[in-house]
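Written out below as structure tokens is the structure these notes cover.
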Amino acid sequence: MEIAIYQLIFTALLVSTFTDVSGNCIFPDYLRGHWISSSLGEVSFNSTYLDGITAFTFGKLTFQCEDNNGTKYFLKSETTTFANTKFTAYVCLDLRKVTEDKIYYYRATTKDKSFDNERIIVTSSTVNVSMEEVCNEPEPYNPGSYSLLIRSEVLNTSEITCPNIVRGEYEVTNITKDGTQECPSGISLDVCSVKTHLYFNISSCSPDIPSATRCMFATETDNVTYLTVYSDTDNKFRCVAASEEGNTVFLSQKEGDCSENQNGTSVAPLGYLMELMLINNGTAHCREVVTEGPNNDKPTTTAPPKGGAEAISTKWVIPMIAVLTTFLQFFASL
């Protein structure tokens, strides 16, 4: 009888230990602080809250971390009132660490046509929504659909070496916007003089293309290189998608993040399409064999522990089991 009682105590303690672990949702230490997002502008994290996500007509809201699984974080907003009805918004962020100061992420919720195709779920505040319902965007994600987070304090020093595909001196043979020719001949692009910058010579026309942008992050999918650049002139991020054929590089550029299905020859309205030809018979390039290293911002998908659960399970749970087992054996011998 006494052994049965001690077994019940052991089970209750063990269950409570695991219940406490799984109920936590804490952002990693490196994520806390102030950031600049390529799609959201200024945002900030503390241990459990994210402030700065715009939710449809409700404006910017504060979201609390409700749960996480690997790199995916399920967030619930504060309650907001619209048309005399209380609503709650939910988002799912798939956060991929590049460095301590740079993260790329996906909004891992399918688009909602009711809310202007935003990747968000909005319900009455009385309705409970699960992580599975919100983190419902299938993987792999649409190429180029990432957004970028850069820590505010290092925004001015976070450039990387631009990817090989754009490393050269080019004559820009064609620039179009919505099918209309934008610039006459004489435009050039130089990514060799400073290998962290795209320098356009656009003195003969004035499209919405900054003369200088810094390369901030790049990734390649299906022979298309997606590059996020930042302009210190207008303080805006832009997406560049590039592909090549022979000595010609096809490049698209738009403000903000990439548009859906953007590539070197296709872009959303208001974006620009360009054809670049390497000068000097294709010899004016400065491409290198790039070795992997911290300055190349190679994406990593290492999953942070779920609310510290991984660390707790290895550091505390196993010793706890050993202590409780000894406790049980001692009383059983009485």
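The values are calculated or read from the model by the stated rules, or taken from the named source; none is laboratory data. Quick caveat: nothing in here was measured; it's all calculated off a predicted structure. Here the Cβ is made from the backbone with ideal geometry for all residues, glycine too, and neighbour counts use every protein chain on show.
Residue by residue, here is whether (1) without any contact (Cβ under 8 Å) to a residue 60 or more places away in the chain; (2) among the β-branched types (Val, Ile, Thr); (3) in contact with a strand residue (DSSP E or B) (Cβ under 7 Å, 6 or more places away or on another chain); (4) not assigned by TED's automatic domain parsing to the domain that holds Thr265 holds:
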{"position": "Asn128", "(1), (2), (3), (4)": "yes, no, no, yes"}
{"position": "Met131", "(1), (2), (3), (4)": "no, no, yes, yes"}
{"position": "Glu139", "(1), (2), (3), (4)": "yes, no, no, yes"}
{"position": "Arg151", "(1), (2), (3), (4)": "no, no, yes, yes"}
{"position": "Gly168", "(1), (2), (3), (4)": "no, no, yes, no"}
{"position": "Arg214", "(1), (2), (3), (4)": "yes, no, yes, no"}
{"position": "Thr219", "(1), (2), (3), (4)": "no, yes, yes, no"}
{"position": "Thr228", "(1), (2), (3), (4)": "no, yes, yes, no"}
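From the list Asn235, Asn296, pick out the single residue that is modelled with pLDDT of 90 or more and polar (S, T, N, Q).
Asn235
What tally of residues in region 40-66 results from selecting those that are aliphatic (A, V, I, L, M) and touching a residue at least 60 places away in the same chain (Cβ under 8 Å)?
Filtering region 40-66 for residues aliphatic (A, V, I, L, M) gives 40, 43, 50, 53, 55, 61.
Remaining after also requiring touching a residue at least 60 places away in the same chain (Cβ under 8 Å): 40, 43, 55.
Residues in region 40-66 being aliphatic (A, V, I, L, M) and touching a residue at least 60 places away in the same chain (Cβ under 8 Å): 3 in total.
At negative phi and either basic (Lys, Arg) or in a loop (DSSP other than H, G, I, E, B) (or both): is that true of Ser243 in this structure?
Taking the combined requirement at face value, the residue does not satisfy it.
Tell me, yes or no, whether region 150-167 has at least one residue that is of a type outside the set (A, V, I, L, M, F, W, C) and touching a helix residue (DSSP H, G or I) at 6+ places or on another chain (Cβ under 8 Å).
yes
With respect to the numbered conditions (1) under 23 Å from Cys286 (Cα atoms); (2) modelled with pLDDT of 95 or more; (3) touching a Gly at 6+ places or on another chain (Cβ under 8 Å); (4) not β-branched (Val, Ile, Thr), which one is the sole condition not fulfilled by Asn247?
(2)
Tell me which strands (runs of 3 or more DSSP E) are completely within region 67-118 and hold 1 or more residues being touching a residue at least 40 places away in the same chain (Cβ under 8 Å), or say none if there are none.
On the way: elements: 72-77, 80-82, 85-99, 102-107.
Once the strands (runs of 3 or more DSSP E) in region 67-118 are filtered for at least 1 residues that are touching a residue at least 40 places away in the same chain (Cβ under 8 Å), what remains is 72-77, 85-99, 102-107.
Return yes when Glu159 is within 21 Å of Tyr30 (Cβ to Cβ) and either modelled with pLDDT of 95 or more or not in a strand (DSSP E or B) (or both) and no when it is not.
Yes; evaluated as a whole, the condition is true for this residue.
If you take the residues in region 176-199 that are in contact with a helix residue (DSSP H, G or I) (Cβ under 9 Å, 6 or more places away or on another chain) and assigned to a strand (DSSP E or B), which one is surrounded by the fewest Cβ atoms within 10 Å (Cβ to Cβ)?
The residue in question is Ser188.
Say we look at region 25-64 and pick out the residues that are in contact with a Cys (Cβ under 9 Å, 6 or more places away or on another chain) and part of a loop (DSSP other than H, G, I, E, B); which of these is surrounded by the most Cβ atoms within 10 Å (Cβ to Cβ)?
Result: Ser38.
How many residues does region 123-137 contain that are part of a strand (DSSP E or B) and either small (Gly, Ala, Ser) or buried (at least 21 other Cβ atoms within 10 Å of the Cβ) (or both)?
Residues meeting the conditions: 1.
Taking the condition of being among the hydroxyl-bearing types (Ser, Thr, Tyr) and under 17 Å from Met216 (Cβ atoms), how many residues in region 153-200 meet it?
5
Test of understanding: among Ile165, Ile187, which residue is farther than 21 Å from Thr99 by Cα and in contact with a Ser or Thr (Cβ under 6 Å, 6 or more places away or on another chain)?
Answer to the check: Ile165.
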